[in-house]
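S.K.: There's a structure below that I have some questions on.
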């Protein structure tokens, strides 16, 4: 059965795909992010993924991967500029 959590993560999946597309088309969007904030959001999503795996919420886990990937790209981009 699909829960509201799965529905919310479907929106996260769509936003992650759109963010990746935007970053692919225009790399300049990767500028201007705060490094500490990006580290915190990356850590938060890491813990969310760990929780989803721990609880067996595999649909939510896989739907969150694109959004997590985007924030890792932003984090690496900011780290390289430092």
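Every read-out reported here was derived from the displayed coordinates using simple, explicitly stated rules and does not represent laboratory data. The model shown is predicted, which means the values in this text are computed figures rather than measured ones. Note that we place each Cβ from the backbone using ideal geometry, even for glycine, and neighbour counts take in every protein chain shown.
S.K.: Give me the one-decimal nm value for the distance between modelled label points at residue 81 and residue 25, 7 Å along each residue's Cα-to-Cβ direction.
M.R.: It is 2.1 nm.
S.K.: Helix 35-55: angle to the longest alpha-carbon principal axis of the chain, degrees 0 to 90, nearest 10?
M.R.: Value to nearest ten degrees: 20.
S.K.: Now a separate question. If each DSSP helix of 4+ residues adds -39,500 (n - 2.57) and the sum is divided by the residues in the chain, what number results at 222 nm, nearest 500 deg cm²/dmol?
M.R.: -28500 deg cm²/dmol
S.K.: Nearest 10 degrees, 0 to 90: what angle lies between the long axis of helix 4-25 and the longest principal axis of the chain (Cα atoms)?
M.R.: Long axis of 4-25 versus the principal axis of the chain: about 20 degrees.
S.K.: Within the P(r) computed for the chain, what percentage of the Cα pairs occupies the region above 22 Å? Kindly include the intermediate steps, with their values, before the conclusion.
M.R.: Details: 917 of 3321 pairs.
Tail fraction, whole percent: 28.
S.K.: Compute the helix-to-body angle for 58-81: its Cα long axis versus the longest principal axis of the chain, expressed 0 to 90° and rounded to tens.
M.R.: The angle comes out at about 10 degrees.
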